[in-house]
Structure formats: C-alpha cells, structure tokens
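The values are calculated or read from the model by the stated rules, or taken from the named source; none is laboratory data. Owing to the predicted nature of the structure, the values given are computational and were not obtained by experimental measurement. Reconstructed Cβ throughout: ideal geometry from the backbone, glycine too, with neighbour counts over all protein chains shown. Calculation scope for accessible area: heavy atoms of the full protein, side chains included, ligands and nucleic acids excluded. Shrake-Rupley method; radii C 1.70, N 1.55, O 1.52, S 1.80 Å.
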Amino acid sequence: MARRRHQEEHVNHERWLVSYADFITLLFAFFVVMYSISSINEGKYKVISEALIGVFTDSDRSLKPIPIGDERPKTVTPAKPLVKDSDQVDAGVSGASDPLKSIADDISAAFGDLISSNQMTVRGNELWVEIELNSSLLFGSGDAMPSDIAFNIIDKVAAILKPFDNPIHVEGFTDDQPIRTAQYPTNWELSSARSASIVRMLAMQGVNPGRLASVGYGEFQPVANNATAEGRARNRRVVLVVSRNLDVRRSLTGTGTAHAQPDAALKRAGTQTAPTPVKSPVRENAVNSPSPALTR
C-alpha cells in the first residue's frame, strides 16, 4: 500500500501587508485628527494679532486690556444720584415729568368751568397738590350724603389719580355754626363724615385704598372770616391733598394744609419718591357693600 505524501505548506510571505495596512490607517487617522484640532479661528487670530501689534507700537494702548470677542458700547449718560441734596431738591410742580405737575395739569384741564366759577381751586408746590371743592357742590346743608354732581366730579378725579402711586388724604372743614343732630352732634363728626364719604367714593372708582386717608378738622382751620356769609361759605370745603410721599402726608395731616408751608423739614421729607403701596386682599362683600355715609 503506497504511502501518501504530505504536501508541504507554503509560508505566506505577504502577511506583513496586513499589519502595514493597519499601521497606515492609524497613521492617517492620527494626522486627520491633528489637522482638525489645529484649525485656526481667523477672526480671533486677527483681533489678537492687531492688539499685539498695537501694544508694541502704541504706548497708550499698552495699558488697555486686549479685546476678545465683541466689545459692548459704553453708555454716555452720567450716573444719577439716588437721592438729591435736600437743599437742591428740584422735584416740584414745575418738573416736566413730575407726577404732582401731571395731576395738577390734568385736574385744571378737566374742571376748567368749576375753577373759573371759583367752586374748585387747584394749587400746589414741590411737595403736595391741593384740590379744594366747595362743600355746597358736594353735599347738602348739614349732611354728608354726596349729591349727583359729587359723584360725577369724583369719578373724573379718581380717573386722573388712579395711575399714580402718591398718597392721598381728604380733609373736611366746616364753618363755626353749631350743629346738634343725632347723626352729627358736632362739626367734628360732620367734617369727618364728609371726608370719609369722598375717600369711599375714590376707592369705589378704583383708587388703591392703601393710598387713601381721611381727616376732619371741623371749624378750627378757617381760611376766611366766619362773621360773614361769604366767609362761612369759603370755610365749608373739602380738600383732596396729593402728597409726594408718606412722610409729607403724615406731616400735613398733623397740622392741616390750611396754613401749611413747604418749610425745610417738609422739603427733607419730600426728597424721596412716592412708594408703591402694598396691595392687601379685599373681600368681595366688603367691596360691594355700600358705605353707611352713602346710604343715609
């Protein structure tokens, strides 16, 4: 039986090509990665290049930082002080954007007929504005029930005052004629009830109640002689006072505006703008319920 001859296996002399191909592929990938991470941002390169050239050629620019990226323009408006000196306060009615001036101008424009007939007076200074109304225009004799004309007037006044945040208080005044009724034993009650009625009407028309206050002075701050009928008519009045801030209002309610003057203490109090009042939740039934002073 013949023996089978084992065929000799030939040695593959080209196996190195596989390793070589792998090496070339890795080397190619390496150079691709190196090239991709070495790309230059031409914009930043140009900015830095110009900055470096300026540093070495311009002595003034050598003290400035090198700008990288977009440079934001600086404002040319000078900074304004938060609070002006009390001796140099210029926040009065003459200011173009002053809320007190806006209120005074709007009231004067809306009630020119009443002002010309001396039934309304609008006056003011750098700290407050007064809107004075004759009581006979708003109420009946010896009563705090507002008339129909009063509702029309206060509706217009409330529309003007509503957009502003300045504190408001209403002052009630009477003449020296005594009153002795079950509802109003003295002029104190009558003047307080009249001012409270106006405050209630302002709140009903949307003026923030947190801005409002009422005070009655009775017969004790006259502006005319009570010995004459004309003088007594002038003393029977209601004054809506719009103050620059709460400090001014506190000072005015303590003394009354009948003879108040914008002295140094009040000017110091008026250096701040009117604070925004804190809104408190109001019950729906309280808003819709009528005021006792309006239903009597």
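A few remarks follow.
- Here the accessible area of region 109-190 is 51 percent carbon and sulfur, with a 1.4 angstrom probe and all protein chains present.
- The slack between residue 32 and residue 230, meaning 0.36 nm per residue of separation minus the straight C-alpha distance, is 60.9 nm.
- For peptides 23-29, 129-135, 185-191, 196-202, sequence by mean Cβ density within 10 Å, most packed first: 196-202, 129-135, 185-191, 23-29
- Diffusion constant of region 126-194 at 37 °C, which comes from Stokes-Einstein with the Kirkwood Cα-pair radius and 0.692 mPa s, µm²/s: 241
- If you take all other residues with their beta carbon under 13 Å from the beta carbon of residue 191, and give Lys and Arg +1 and Asp and Glu -1, the sum is -3.
- Each other residue within a Cβ distance under 13 Å of residue 204 adds +1 if Lys or Arg and -1 if Asp or Glu, for a net charge of +1.
- Radius 12 Å from Cβ of residue 104, net charge of other residues (Lys, Arg +1; Asp, Glu -1): -3
- Applying Stokes-Einstein at 37 °C and 0.692 mPa s to the Kirkwood radius of region 97-250, computed over alpha-carbon pairs, gives a translational diffusion coefficient of 211 µm² s⁻¹.
- Ligands, DNA and RNA are left out, and with a 1.4 angstrom probe the accessible area of region 97-250 is 42 Å² per residue.
- Dipole magnitude of region 97-250, debye to nearest 20 (Cβ charges: Lys/Arg +1, Asp/Glu -1, about Cα centre): 240
- Estimated translational D of region 146-186 in µm²/s (Stokes, Kirkwood radius over Cα pairs; 4 °C; 1.567 mPa s): 98
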